[in-house]
Amino acid sequence: MLIVHVHVHVKPELVADFRRATIENARSSVQEPGIARFDVVEQQDDATRFVLIEVYRSREAAAAHKETAHYAKWRDEVADMMAEPRHSVKFNDVFPEPQDW
């Protein structure tokens, strides 16, 4: 498993548009066989900050995700909505162990 947290800071006036585009991307992403989970969370005390929590079954699945039409559409659509460049942090799963999935 590869877990990626994508941190996004959105321009305040574009939060609704970002939400809509990101939910559309997430709905398509969870249909990919290589994605075990794809969550979109919004920070409670700052509605302009989001984290996308992407759980891939393999590194290859993460690479395949970036080749999809829905990811390219999302990437291009939200590029100018960000108050600063998004950044990601990658994690390895510790528990539950992969065979428990």
Of all residues making up segment 60-76, the number that are closer than 12 Å to Thr22 by Cα and either surrounded by 16 or more Cβ atoms within 10 Å (Cβ to Cβ) or in contact with a strand residue (DSSP E or B) (Cβ under 7 Å, 6 or more places away or on another chain) (or both): 3
Hits in segment 1-36 (condition: in contact with a strand residue (DSSP E or B) (Cβ under 9 Å, 6 or more places away or on another chain) and assigned to a loop (DSSP other than H, G, I, E, B)): Met1, Lys11, Val30, Glu32, Gly34
Meets criteria (surrounded by 11 or more Cβ atoms within 10 Å (Cβ to Cβ), assigned to a helix (DSSP H, G or I), of a type outside the set (S, T, N, Q) and at pLDDT 95 or above) for Asp80: no
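The values are calculated or read from the model by the stated rules, or taken from the named source; none is laboratory data. This one's a predicted model, so the numbers in the text were calculated from it and none came from an experiment. Positions of Cβ are generated from backbone atoms using ideal geometry, with glycine treated the same way; all protein chains shown enter the neighbour counts.
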